[in-house]
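Read the structure below first, then the notes.
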Amino acid sequence: MAFGVLFQSLGYHWLFAPLAGIVIYAGSAQFMAVGLLAAGVSYAEALIATLLLNSRHIFYGLSVLDRYPKRGVLRWYLIFGLTDEAYSLVTAKTPERQDSGRYYFYLTALNQCYWVAGCALGSSLQSMVAFDSRGFEFALVSVFLV
């Protein structure tokens, strides 16, 4: 929800926050984008910063590729949807009598749905009841400190 509130407070239409959750789906990059948009940086700078920030997913991805289906759209979606949370669940033991590809798909899809719903809820609430969002930009930093 914090991302939706911050994004809406920049003056963008509330629908752009959940759209970012669908298309970008990288929480830390989305929070960083709020700061970059507010600072007015160029697209090239934003792209480089995003690539550096999300480079950790290269190592995540390499360690789980053998668990994912070998080809197809499902494989590409699972690669796209690999987040810190999904990685921790994918590397845990898959439930017995469970098709692992299907399990990973539902896990990834539900994670993304929850994220998009939070983005939508935060931005729509901020558009209906504009409240002071100062301090929200520290939300991601505080997550890593706790």
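Here, each number is a calculation from the coordinates, and none is a lab measurement. None of the values given here were measured: they were computed from a predicted structure. Ideal geometry is used to build each Cβ from the backbone, glycine not excepted, and the neighbour counts take in all protein chains shown.
Mind ordering 24-34, 109-119, 56-66, 72-82 by average Cβ neighbours within 10 Å, highest first?
Averaged packing, sorted descending, gives the order 24-34, 109-119, 72-82, 56-66.
Express in nm, to one decimal, how much length is gained between residue 106 and residue 54 on full extension, taking 0.36 nm for each residue of separation and deducting their alpha carbon distance.
Working it through step by step, the gained length comes to 16.4 nm.
When ranked by the protection proxy of mean other Cβ atoms within 10 Å per residue, highest first, what sequence do the peptides 9-17, 98-106 form?
9-17, 98-106
Give me the mean projected area, in nm² to one decimal, of the convex hull enclosing the Cα positions of the chain.
Averaged projected area of the chain's Cα convex hull equals 10.0 nm².
Please work out the C-alpha center-to-center distance from the stretch 33-61 to the stretch 75-105 and express it in whole Å.
So the separation of the two Cα centres works out to 25 Å.
Given a Förster distance of 30 Å, report the FRET efficiency between residue 76 and residue 13 from their Cβ-Cβ distance, rounded to the nearest 0.05.
So the FRET efficiency works out to roughly 0.55.
State, to one decimal in nm, how far the label point of residue 125 lies from the label point of residue 113, with both points 7 Å from Cα in the Cβ direction.
Spacing of the two 7 Å Cα→Cβ label points: 2.1 nm.
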